[in-house]
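Engineer: Mind having a look at this structure? Questions to follow.
The values are calculated or read from the model by the stated rules, or taken from the named source; none is laboratory data. Given the structure is predicted, the values throughout are model-derived calculations rather than measurements. Positions of Cβ are generated from backbone atoms using ideal geometry, with glycine treated the same way; all protein chains shown enter the neighbour counts. These area figures cover heavy atoms from the full protein model, side chains too; ligands, DNA and RNA do not enter into them. Shrake-Rupley method; radii C 1.70, N 1.55, O 1.52, S 1.80 Å.
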Amino acid sequence: MKAKILFIEDDESLLKSISYILELEGYHIIPAISGEAAVKMAIKDPPDLVLLDLMLPGIDGFEVCKILRNTVETENVFIIMLSGKKMLTDITKGLEQYADDYITKPFEPQILISRIHAVLRRKLRCPEPLANTIRFKDLVIDKKGREVRINETKIELTKSEFD
């Protein structure tokens, strides 16, 4: 089973057509047409990736992104912003608001698919945080306890070093 993607888009025809294309690629698509609904769905059942339109009714995509990044359940979810906003300031703001990628509309579906593949490859390379602990070989990072151990030996770090 491929990744679960929460697709937030208020243009229902674009939502349906891109969802169909992504489902043909094997992705499980969860559609949402508003930021408020999407945030609730993401927190309840975190997806692997969020495709996020910026110009949404209610809370906009920038605010959705901030909320997802500042919520424990969704802080590690990958986010690709989709927008008709092509100004350098908009793209920069999108990436600075914690998005993993930014794609301007209109876009070719194959480019979107390739970008999704690229972002999700990172998930395979990165250890998945379990609760508040990240493990990689002999390294253990306890985010909640703010401790780092290698081979069960505690490594003393300052707050800045741990961050």
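Engineer: Considering every pair of different Cα atoms, what Kirkwood radius, in Å, is found for segment 1-67? Display every interim value, and only then the final one.
Structural biologist: Working: mean 1/r = 0.0848 Å⁻¹.
It is 11.8 Å.
Engineer: Compute the convex hull volume of the Cα atoms of segment 43-156, divide it by the residue count, and report the result per residue in Å³ as a whole number. Walk me through the intermediate numbers first.
Structural biologist: Details: hull volume 14.3 nm³, N = 114.
That works out to 126 Å³ per residue.
Engineer: Something else about it: Picking from Glu36, Glu96, Glu147, which is most flexible by a Gaussian network model of the chain using Cα springs under 10 Å?
Structural biologist: Glu147
Engineer: Just add up the charged neighbours of Leu24: K/R +1, D/E -1, any other residue whose Cβ is under 14 Å from the Cβ of Leu24. Working shown, then result.
Structural biologist: Numbers: positive: Lys2, Lys16; negative: Glu23, Glu25.
Combined, the nearby Lys, Arg, Asp and Glu give 0.
Engineer: Something else about it: Of the heavy-atom accessible surface of the chain (probe 1.4 angstrom), what whole percent is carbon and sulfur?
Structural biologist: Exposed carbon and sulfur together represent 55 percent of the surface.
Engineer: At a 1.4 Å probe radius, which order do Met41, Met55, Met87 fall into by accessible area, largest first?
Structural biologist: Result of the area sort, largest leading: Met87, Met55, Met41.
Engineer: Still on this model: Which order do Thr153, Thr71 take when ranked by solvent-accessible area (1.4 Å probe, heavy atoms of all protein chains), largest first?
Structural biologist: Thr153, Thr71
Engineer: Mean residue ellipticity at 222 nm from the helices of the chain, using -39,500 (n - 2.57) per DSSP H segment of n ≥ 4 over the full residue count, to the nearest 500 deg cm²/dmol?
Structural biologist: After summing the helix terms and dividing by the residues of the chain, the value is -11500 deg cm²/dmol.
Engineer: What accessible area per residue, rounded to a whole number of Å², is obtained for the chain using a probe radius of 1.4 Å?
Structural biologist: Value returned for the chain: 59 Å² of accessible area per residue.
Engineer: Quick check on segment 13-163: of the DSSP beta bridges with both residues there, what percent are antiparallel, nearest 5%?
Structural biologist: 55
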